[in-house]
Amino acid sequence: MLRLLVVFHAVMTLVMGFTCSEAFAKKPTIMKGCKNCHKDEPNIVRGKLVSYSPKFSSLHVNVGPLVWIIKYDENTKLVGADSLDTVKKGKEMSVVFSGDENKPLANVISIKKPFKLPEEKLISLDEMKKLAIEGPEKGRFLLVDSRPSDAYNSGHLPGAVSIPFPKLNKMRESVLPEDKDALIIFYCGGFS
């Protein structure tokens, strides 16, 4: 059996160009939704807070397929919150850490701030209802669902077109109106 594993390791090294330990060592560090705006970077975990333990000086960050357990200490900088006590479960965050993936120590914990649009850019529910009754042609607007395609396919507002946020730059030429003064209304479900 051991000889078979050694042979397998040698074949993988020659054929695939890496050793087995290299192929399976790296844990995922970024949640799928975070990839809309961020790239996978070394020593940065991006995901949602599951919990934290002051007793053990650790926080637990969900990145999708697994939960990272990251230690912190008195030198860890917290950005975007006064204390970890005020951060709600499920809140998006990034953690810059030192050490390796087996014993990460947080250097900086950044809590994602809510995205705020200026008041003049927002449309009220009553205004939206009036426009929806008129329809896009008569109301002269474009309604864009910027959620992922599977969310759009499971149900969307009547008249909405699907432009998932990560695909906006690619699709805008073909979908958005040529009239730059046209009213465009976006709605989403969170990440976008």
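What follows is calculated from the coordinates using simple rules that are stated; it is not laboratory data. Note that this is a predicted model, so its numbers are computed, not measured. All Cβ positions, glycine included, derive from the backbone under ideal geometry; neighbour counts span all protein chains shown.
Under 5 Å from the amide H of residue 185 lie the amide H atoms of 142, 143, 144, each residue being 5 or more positions distant or on a separate chain, with H modelled from the backbone and absent for Pro and chain starts.
Within 10 Å of each residue's Cβ, count the other Cβ atoms and sort 29, 76, 86 from fewest upward. Let's see the in-between values first.
Numbers: 29 23, 76 19, 86 11.
By the 10 Å Cβ count, ascending, the order reads 86, 76, 29.
Computed on the chain, with alpha-carbon pairs under 8 angstrom and 6+ residues apart, the relative contact order is 15 percent. For the pair residue 39 and residue 105, label points projected 7 Å from Cα toward Cβ lie 2.9 nm apart. Considering every alpha-carbon pair of the chain, the percent of pairs per 5 Å bin, from zero through the bin containing the longest distance, is 1, 6, 12, 13, 12, 10, 10, 11, 9, 7, 4, 2, 1, 1, 0.
Helix 2-16 and the long axis of the chain differ in direction by around 50°, with both axes built from C-alpha atoms.
Applied to segment 111-120, the Karplus parametrisation 6.51 cos²θ - 1.76 cosθ + 1.60 on θ = phi - 60° returns per-residue 3J(HN,Hα) values of 8, 5, 7, x, 7, 10, 8, x, 3, 5 Hz, with x for Gly and Pro. Computed from Cα atoms, the angle from the helix 125-139 axis to the main principal axis of the chain rounds to 70 degrees.
In plain terms, the residue of 56, 186, 141 with the fewest other Cβ atoms within 10 Å comes first and the most crowded comes last, giving 56, 186, 141. Considering helices alone, the calculated mean residue ellipticity of the chain at 222 nm is -7500 deg cm²/dmol, with DSSP H runs of length four and up weighted by -39500 (n - 2.57) and normalised per residue.
Backbone phi angles across segment 59-70, fed through the Karplus curve with coefficients 6.51, -1.76 and 1.60 (θ = phi - 60°), yield HN-Hα couplings of 10, 10, 10, 7, 10, x, x, 7, 10, 7, 10, 10 Hz in residue order; Gly and Pro are listed as x.
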